[in-house]
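Let me begin by presenting the structure, written as structure tokens, before commenting on it.
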Amino acid sequence: MPILEQESPKGHGDHHVLPKLPIPTLHQTLDMYLKCVEHLVKPEQFKKTKAIVERFGAAGGQGEFLQEKLMEKREKTDNWVYSYWLDDMYLSNRLALPINSSPAMVFPKQVFKDRSDSLRFAAHLISGVLNYKSLLDGRSLPVDYARGQLAGTPLCMEQYYRLFTTYRLPGLKKDTLVTQTSSVMPEPEYIIVACKNQFFVLDVVINFRRLNESDLLAQLEKIVKMAENTEEPLPPIGLLTSDGRTEWAEARAMLIKDSTNRDSLDMIERSLCLLCLDDTSGAELTDTNRALQMLHGAGHQKNGGNRWYDKPMQFVVGADGACGVICEHSPFEGIVLVQCTEYLLKYMKGSPSKLVRASSITNLHTPRRLHWKCSPEIQERLASSAHKLQRLVRSLDMDVFKFKAYGKEFIKKQKMSPDAYIQVALQLAFYRCEGRTVPTYESASIRRFREGRVDNIRSATVEVLAFVKSMTDGKAAVPDAEKMKKLWDAISAQTNYTILAITGKAIDNHLLGLREIAEELNVEKPEIFSDETYVSSNKFILSTSQVPTTVEMFCCYGPVVPNGYGTCYNPQSDHIIFCVSSFRESVETSSAVFIKALEEGLLDMRDLCCKQNTAAKPVAPKDGATARNGSKP
């Protein structure tokens, strides 16, 4: 899962100014690939892989031919890897979107006295969304500049312009990311409101005039009444979008045979976004339970059908105060979601709700309910989708943990990168749980380049393996000074790989490009890509992402393989929020066990730094009992 991202279309802003994504030399990538995998596979397997890689990279061989073709592609396109990456990461993936792909941003728990209170919050939120969209429409968003490593470089902004204009259309073999292009006549501006598994069209601009908050509230009140007073329960069609992508594509093909369904689908697909008015979940609103509510709505018996997963932005407002956003990930990265939601929360805090009746539009027409015609086949599909979602809900083992002993300020005082330090801590936790290191994904923004999305930082380095072994197997035998040296080596390796990744010199995108161009040219699939090492090195048992925020909220997502962990973290000055997910169906994983190992590892790393880090002034741990305390909200 990702952290940073993107760019600007021809004729706008930075597109023509930003450089094109480079292609590393073939030998640089092949050498780095071998270094990344050697310690993760058995020696005999590595020997085989090394021979395959050498044949691929030989003078006049297949690798050189494909590299040349990739260089030609780079000349002709704005970003040589973009379409390969988008298909591989998202559109060709057949797994269901909830949990497996769609991340959620969880807002602070809201306190609503009654349903009207939650609707006022929703009206205020949508008002903020319309403000933000007007910034996008006017191309008025200030350009982002890189933070962290190599700070200060301007970043590609194009991902922002896909927040409210795209839609992921399911396909039998591959999905399509559809972008609404503006025509001469402006599109009608409306959002879809989901309430009690029904969908309503809420026009937000009428006669070229935007609805104010009072109007939005009045319309939301009408929608809730209509949803409650329906004569017969309408089918929860949204559940179909929670199914595997091929299954949803098949169901959609059945739906569109009927003109009523075609009209309803068209309205949802062309809308700006969704507002999901959720019923009370019945669960205690801990951070973990609010995260679950965002990710899957607690299944079909609760709010799981009150969603439309193909839309990029679904704003969830629960009657019980569980609020946030769930996003379809293919159009943009986590940082874009963060920037948009931070704008909204700051807008809501800074501009009091303007519920004035004076300037309201009179005679607002009643919002339109979308109707569906359900054949017996569709009813069967709905039952199957509900069952599969329930299974996912039962299996997801999510744990939101607030580590309170220290935060990024302590790490900075050690003269270390907070991100690199936390990545090393994640490796230590995994090693202590399973006695090995595994292929690890950490998203790295390549938005310094045109249409840049992300590449992968392979955090399971040989240097980190040496450190985690010294802190586990050799805990007593290895002197602290040596452990400290190994920690510095691990931090340096992680930091250096990060710099390679954000400057377009990492290996994952390059290898993907070589693999995909071979298929495009219809040449024989190179052995390097069917080799067991390559296949296993792309099963990311540890999928990680730093998603920092400046306002109180956090991001979460699911694992990307059945026996893996999804680990999202948000470092703050004096604490770190971790969202760890795994599947209960796997006997190899447990989020609670991982978090316990993570907490202990972070405390051990702090103790080591306090004793041995000569690069920093020692920082005294917090007094007594609280010194080794994390806490769970």
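As I understand it, the value is the acute angle between the Cα axis of helix 480-502 and the longest principal axis of the Cα atoms of the chain; what does it come to in degrees, rounded to 10?
Relative to the chain, helix 480-502 is tipped by roughly 50 degrees.
Which lysines have a Cα lying under 26 Å from the Cα of Lys42, excluding residues fewer than 8 positions away in the same chain?
Lys50, Lys469, Lys475, Lys483, Lys486, Lys525, Lys539
I need the GluC sites (Glu not before Pro) found in segment 520-590, filtered to DSSP loop residues with at most 15 other beta carbons within 10 Å of theirs.
Numbers: sites: Glu520, Glu524, Glu527, Glu532, Glu552, Glu585, Glu588; in loops: Glu524, Glu552, Glu585, Glu588.
Passing sites in segment 520-590 are Glu524, Glu552, Glu585, Glu588.
Please give the contour-minus-distance gain from Met348 to Asn522: 0.36 nm per residue of separation, less the Cα-Cα distance, rounded to one decimal in nm. Mind showing how you got there, number by number?
Details: separation 174, 0.36 × 174 = 62.64 nm, distance 5.38 nm.
Between Met348 and Asn522, full extension yields an extra 57.3 nm.
Considering the convex hull of the alpha carbon atoms of segment 92-166, report its projected area averaged over all viewing directions, in nm², one decimal. Write down the numbers at each step before the final one.
Details: hull surface 33.5 nm².
The number I arrive at for segment 92-166 is 8.4 nm².
Can you show me the helix-derived [θ] at 222 nm for the chain, built from DSSP H runs with n ≥ 4 at -39,500 (n - 2.57) apiece and divided by the number of residues, rounded to the nearest 500. Before the final figure, lay out each step's value.
Values: 19 runs with 256 residues, N = 633.
Helix-only estimate at 222 nm: -13000 deg cm²/dmol.
With the crude spin-label approximation of a point 7 Å out along Cα→Cβ, what separation in nm comes out for Asp266 versus Thr176?
For the pair Asp266/Thr176, the computed spacing is 1.5 nm.
Give, to the nearest whole percent, the P(r) tail of segment 56-138 beyond 15 angstrom, counting all Cα pairs. Show your work: numbers first, answer last.
On the way: 2677 of 3403 pairs.
Summing the P(r) tail past 15 Å for segment 56-138 gives 79 percent.
Along each of its three principal axes, how wide is the spread of alpha-carbon positions in segment 245-344, in whole angstrom units, largest first?
So the extents along the principal axes, rounded to whole Å, are 43, 31, 22.
Just from the alpha-carbon atoms, what are the Rg and Dmax of segment 24-178 in angstroms?
23.2, 73
Counting only DSSP beta bridges with both residues in the chain, tell me the antiparallel percent, nearest 5. Each step should come with its number before you reach the end.
Numbers: 45 of 63 bridges.
The answer is about 70 percent antiparallel.
Taking the Cα-to-Cβ direction at Glu231 and at Val593 and moving 7 Å from each Cα, how far apart do the two end points lie in nm?
Computed distance between label sites Glu231 and Val593 equals 5.6 nm.
Using only alpha carbon pairs under 8 Å that are at least six residues apart, calculate the relative contact order of the chain and give it in whole percent.
On the way: 1189 pairs, mean separation 145.2, N = 633.
About 23 percent, as a whole number.
With a 1.4 Å probe and every protein chain kept in, tell me what percent of the accessible surface of the chain is carbon plus sulfur. Walk me through the intermediate numbers first.
Working: 13590 of 25130 Å².
Percent of accessible area from carbon and sulfur atoms in the chain: 54.
Report the percentage of all Cα-Cα pairs in segment 200-298 whose separation exceeds 16 Å, rounded to a whole percent.
Working: 3463 of 4851 pairs.
Beyond 16 Å sits 71 percent of the P(r) for segment 200-298.
With a/c under 1.5 counting as rounded, go ahead and sort segment 53-97 into rounded, prolate or oblate using the C-alpha gyration tensor (a ≥ b ≥ c being the square roots of the eigenvalues; past the cut-off, prolate if a/b is larger than b/c, else oblate). It would help to have the intermediate numbers written out before the result.
On the way: a/c = 5.24, a/b = 1.65, b/c = 3.19.
Oblate shape, in that a/c is at least 1.5 and b/c is the bigger or equal ratio.
Calculate, in nm to one decimal, what Val478 and His387 gain on full extension: separation in residues at 0.36 nm each, minus their alpha carbon distance. Kindly include the intermediate steps, with their values, before the conclusion.
Values: separation 91, 0.36 × 91 = 32.76 nm, distance 5.19 nm.
Contour length minus Cα-Cα distance gives 27.6 nm.
Over segment 193-250, how many percent of alpha carbon pairs lie in each 5 Å bin up to the one with the longest distance?
4, 16, 20, 16, 15, 12, 11, 5, 1
Can you tell me which of 139-147, 486-494, 326-334, 165-173 comes out highest on packing, and rank the rest after it, using the mean Cβ neighbours within 10 Å? Each step should come with its number before you reach the end.
Details: 139-147: 13.2, 486-494: 21.3, 326-334: 25.1, 165-173: 18.4.
Highest to lowest by the protection proxy: 326-334, 486-494, 165-173, 139-147.
For segment 229-326, give me the percentage of DSSP beta bridges that are antiparallel, rounded to the nearest 5 percent.
Working: 4 of 9 bridges.
Just about 45 percent of them are antiparallel.
So what is the orientation-averaged projected area of segment 22-84, using the convex hull of its C-alpha atoms, in nm²? Working shown, then result.
Numbers: hull surface 19.6 nm².
The directionally averaged projection comes out at 4.9 nm².
Give the accessible surface of the chain per residue, rounded to a whole number of Å², with probe radius 1.4 Å and ligands, DNA and RNA excluded.
Values: 25130 Å² over 633 residues.
Here the residues of the chain average 40 Å² of exposed surface.
Can you pull the semi-axes for segment 310-352, root of five times each eigenvalue of the Cα gyration tensor, sorted largest first, whole Å?
Numbers: eigenvalues 79, 46, 9 Å².
Rounded to whole Å, the semi-axes are 20, 15, 7.
Which lysines have a Cα less than 20 Å from the Cα of Lys47, not counting those fewer than 8 places away in the same chain?
Within the straight-line limit of under 20 Å, Lys47 reaches these lysines: Lys35.
Tell me whether segment 114-156 comes out rounded, prolate or oblate; compute the Cα gyration tensor, take square roots of the eigenvalues as a ≥ b ≥ c, and use a/c under 1.5 as the rounded threshold.
It is oblate, given that a/c is not under 1.5 and a/b is not larger than b/c.
Identify the trypsin sites (Lys or Arg not before Pro) of segment 209-279 meeting these criteria: DSSP loop state and at most 14 other C-beta atoms within 10 Å of the C-beta. Before the final figure, lay out each step's value.
Numbers: sites: Arg209, Arg210, Lys222, Lys225, Arg245, Arg252, Lys257, Arg262, Arg270; in loops: Lys257, Arg270.
Filter output for segment 209-279: Lys257.
On average over all directions, what projected area in square nanometres does the chain have, based on the convex hull of its Cα atoms?
Numbers: hull surface 119.6 nm².
If I average the Cα hull's projected area over directions, I get 29.9 nm².
His575 to Thr77: FRET efficiency via 1/(1 + (r/R0)^6), r the Cβ-Cβ distance, R0 45 Å, to the nearest 0.05? List each step's numbers first, then the result.
On the way: r = 43 Å, r/R0 = 0.97.
About 0.55, to the nearest 0.05.
On a C-alpha basis, how far is the centre of segment 15-34 from the centre of segment 405-454 in Å? Whole number, if you could?
Cα centroid to Cα centroid, the span is 22 Å.
When the expected Rg is taken as 2.2 N^0.38 Å, what fraction or multiple of it is the alpha-carbon Rg of segment 132-290?
On the way: Rg = 19.0 Å, N = 159, 2.2 N^0.38 = 15.1 Å.
Here the Cα radius of gyration is 1.26 times the empirical estimate.
The values are calculated or read from the model by the stated rules, or taken from the named source; none is laboratory data. A quick note: this is a predicted structure, and the numbers were derived from the prediction, not measured. All Cβ positions, even for glycine, are placed from backbone atoms using ideal geometry, and neighbour counts span all protein chains on display. What goes into the accessible areas is simple: the full protein's heavy atoms, side chains included, and nothing from ligands, DNA or RNA. Shrake-Rupley method; radii C 1.70, N 1.55, O 1.52, S 1.80 Å.
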